[in-house]
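Peer 1: Next up is a structure, given as structure tokens.
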Amino acid sequence: MKKVFVFFAILMASLKLDAQENLWIAEIGTWGDSVNASVTYDHCCFKGFYVGAGAGLTWNFAYPVSYLVNGTIGPTYNSRALVPVYADVKYYLGQKKICPFIDLKGGLLSDYTHKEVGFFVRPALGLNIKKTGINLGFEYNNLKGSLLSSGDSMMRGYLGISYTF
């Protein structure tokens, strides 16, 4: 009987650990003239420390740019669509219903509207309340490939709201 109890205790503990190891996080954020929506999959490496990957879509609605067309300046675009694909490292500073965290996202940033590609880094501090989180940080991105310029580098504040599934 004791062996059966130990077996079920180990089984229940492993099921409980498996349920806590993986997180799906949906986030909506902004840094002024842009709106970002992303999904991240994080895996628990050890208590409170998660590593994962994600992707998203960003719409920058206040970015005028023109390109060369047949040797002359072509049409001006007033917005752009960016696609971030990134790695994510997150550390929760506790295991309670209200829990602060540190988050670092970084990876490839593709601008499909203007055919630019580059990278971005987004460190943030946040607070999780049950399954909802809010984070505040900054984003640095560097895009290369524009026909009229050598690239585009920006650093701005970031505010995000997330939900953990």
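Read the figures in this text as sums done on the coordinates, not as results from a lab. Owing to the predicted nature of the structure, the values given are computational and were not obtained by experimental measurement. Heads up, the Cβs are rebuilt from the backbone with ideal geometry, glycines too, and the neighbour counts pull from every protein chain shown.
Peer 1: Residue-wise, which Karplus ³J(HN,Hα) couplings in Hz belong to the stretch 40-49, taking 6.51 cos²θ - 1.76 cosθ + 1.60, θ = phi - 60°, and x for glycine or proline?
Peer 2: Values per residue, Gly and Pro as x: 10, 10, 10, 10, 6, 8, 7, 3, x, 10 Hz.
Peer 1: In a shell of Cβ-Cβ distance under 10 Å around residue 25, excluding residue 25 itself, what net charge do Lys and Arg (+1) and Asp and Glu (-1) give?
Peer 2: Working: positive: 90, 131; negative: 27, 42, 88, 103.
Net charge in that neighbourhood comes out at -2.
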